[in-house]
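One structure is given below, encoded as structure tokens.
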Amino acid sequence: MLPSELLRARTSRGRIYPMFCSVGGADTEAGGGGDGGGPENGAAADTERELASALISRFEDASASGTSRGELHRTISDMEPDYDYKLVRGLRTLLERRSSFATQRPESCPPGLDPYDVRRALFTESSAAGLATSAAKRDAIIRRAADACGIRPADVPRVMWADLEENQTLEHFDAISVGDLLLWYNMSLAQTLLFGCTRMEFYVGEGPYWKEILRAVKARGLMYVLEPGDGAGKKKGGGGDIGSSSNSSRKEGGVPPRCILEGPLSVFKMTTKYGTAFARLLPVITRTPSWRIDATISRKTPGGVKLYRFEMESDSVHAHLRGVEYGPRHGTDADLQQYDSAVEQKFADILYAHLGRGDPLGWRMTREPGPLISGNKAMLPDFVFERLGRRVYLEIVGFWTPDYIRRKFAKLRDMLLVEPAAAGKSGPGAGPEAGGAGGIDMLVGIDSSLLCSQASEVAGLPGVFMFGRDISVKPILDHLGKIDAELEREAASGARLSPGDIGADVIAIRDVAVRRLAPEGAVPGMFEASAPGRYVRAGPFMVSAAKVSEMSEAIGSGPEGFVDACRILADAKIPEGCHAELLSCMGYDVVWPDLDPNNARIQKRAAPGRD
């Protein structure tokens, strides 16, 4: 962005138009919906390109000669009478962002000597000597300060103020073409206008770009609502999809969805947070092939604060505004970072600690899945949890304005289930495509420190929980745990094992679970339903009853030592991971007199009813 005082824009009938520079030979302003702006002016375009070229040359010459920032500013200020001074200063501001300035010190200065140290030494000497009423006394103070700093007296005046911006010299200038500079200026001008934005609606005609854009929206802390398009945002060439993933919703022949971004609660209590966030979002939107923006801009006027409408679309400004940033190459944007904040990173790490990572049978957590549609509403949840065909969405509701939360909760009422554990199944009619009441299993976390009257409307609904400073994972784990239990009951009661699953004396429960895509906890029930009484569970394994009987006979008249019993089991190809559990199934207890396994012994439990 540019400083707000350098904004070049005109207003007409409640609308505001930034005064873009022509990149290809026409001086055009962005009008509402691409219609506006005045006639092309080739002379003005030539003047703008002439100015841009001259400024680039000034910076290149200053870099070669080591000119100070103050001197460079003075030479550029001499150009202001011949051009629009706001344009001159705006282009100069951008070129300075591609420049590296440094504090210059005489070669005679000791390494590490800071101008602050010189000023301190000089002011200390001056305070001790009193007011310098003559040139001789002044020179004496300078000499003593120079001796204290280890420099020549003649260098003191040069060094003591060398760190001021106006005295810093241009060391390096990152060259840029005239066309790129003007494109960059136009983008910065539009961003500066959006600095006063209080509300924005935008459309993007191509589905694959939604995820990146909405991630950028959320990364900047903006409040947003997704709604199906009303036709105003439909671009030539057809509508667009919401999201790029397979669970996006689309109506045949529909129009692109509309994203509504909320600003401050009152235009009289604006902060720079919102304007900066709106402005930084613009390059992300304009990187897409087809887009449209409709924003409300607040500006201070002699008559008070006034609101203006600002409209801009890709077709009308393509030659003047492109989604490319020409700023400093060392300054990277964080649009595509994995997590939006340290709080979200911490929350995800805690959940992964409970859920595990990479387990094909466990819960898989995905951040920012494709948008959901419920009726005429759209939403992009923060997370989705998936396991064995079940899907649970998580939405975190943070700060809001009353109007935003009213519309957000209206959508949540449509999406929340009366019985959340009964939804989220895969198969026909499941998933976001079957949106609407009762079609989506969703958890909603609400910041308890930001409660408002609308929160009470959903606070009692299943799946809604409150959180304080940190997002609590307990309600999420409890909800997922209920689904785990239901999945186990369903698998145990409805599934039967094939002959290939049954037959071996020792079978790993996990191997069967992976083959059958069933919870591990359901596998013992599946064995009992398919082969009643033929297998017993011993830790993570199912062992045939025949093998248990064989091992009981082998150990029954054998050693009392636990290690010796385990050796007999190992010789019979029984995995070590189930030795203790299998001995328990045989009716033995392991007695540990100490922590040494060699001293542990097995003891037959007394039959029930005996003393």
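The values are calculated or read from the model by the stated rules, or taken from the named source; none is laboratory data. Fair warning: this is a prediction, and the values are worked out from it, not measured in the lab. Note that each Cβ is placed from the backbone with ideal geometry, even for glycine, and that neighbours are counted across all protein chains shown. Each accessible area value is taken on the protein alone, full model and side chains, heavy atoms only, with ligands, DNA and RNA left out. Shrake-Rupley method; radii C 1.70, N 1.55, O 1.52, S 1.80 Å.
Quick notes on this structure:
- The one condition in (1) over 23 Å from Gln104 (Cβ atoms); (2) modelled with pLDDT of 85 or more that Asp35 fails to fulfil: (2)
- Tally, over segment 185-202, of residues that are open to solvent by 20 Å² or more (accessible area, probe 1.4 Å) and among the aromatic types (Phe, Trp, Tyr): 1
- Selected residue [within 30 Å of Ala485 (Cα to Cα), charged (D, E, K, R) and either at pLDDT 70 or above or not in a helix (DSSP H, G or I) (or both)] from Asp340, Asp294, Asp315, Asp359: Asp359
- Once segment 302-312 is narrowed to residues that are part of a strand (DSSP E or B) and over 16 Å from Leu183 (Cα atoms), the residue that is farthest from the chain's Cα centre (by Cα) is Gly304.
- Among (1) open to solvent by less than 70 Å² (accessible area, probe 1.4 Å); (2) modelled with pLDDT of 90 or more; (3) touching a Lys or Arg at 6+ places or on another chain (Cβ under 9 Å) - the single one Arg58 does not satisfy: (1)
- Count - residues of segment 298-314 that are of a type in the set (Asp, Glu) and at positive phi: 0
Each row is one residue, and each column tells you yes or no for (1) open to solvent by less than 70 Å² (accessible area, probe 1.4 Å); (2) outside any strand (DSSP E or B); (3) farther than 26 Å from Ala64 by Cβ.
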position: Ser100; (1), (2), (3): yes, no, no
position: Gln104; (1), (2), (3): no, yes, no
position: Asp117; (1), (2), (3): yes, yes, yes
position: Ser126; (1), (2), (3): yes, yes, yes
position: Ile142; (1), (2), (3): yes, yes, yes
position: Asp155; (1), (2), (3): yes, yes, no
position: Glu166; (1), (2), (3): no, yes, no
position: Glu171; (1), (2), (3): no, no, no
position: Gly179; (1), (2), (3): yes, yes, no
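- Among the residues examined, Pro499 qualifies as free of Cβ contacts under 8 Å to residues at least 24 places away in the same chain, open to solvent by 70 Å² or more (accessible area, probe 1.4 Å) and within 30 Å of Leu388 (Cα to Cα).
- Some residue of segment 19-30 being small (Gly, Ala, Ser), at pLDDT 75 or above, under 33 Å from the mean Cα position of the chain (by Cα) and not in a helix (DSSP H, G or I): no
- Segments classed as helices (runs of 4 or more DSSP H), wholly inside segment 492-611, with at least 3 members that are closer than 30 Å to Leu361 by Cα: 509-516, 523-530, 545-556, 579-585
- Against the numbered list (1) in contact with a Lys or Arg (Cβ under 6 Å, 6 or more places away or on another chain); (2) without any contact (Cβ under 8 Å) to a residue 40 or more places away in the chain, Ala135 comes up short only at (1).
- Test for Val514: is it open to solvent by less than 70 Å² (accessible area, probe 1.4 Å), touching a residue at least 60 places away in the same chain (Cβ under 8 Å) and out of contact with any helix residue (DSSP H, G or I) (no Cβ under 7 Å at 6 or more places or on another chain): yes
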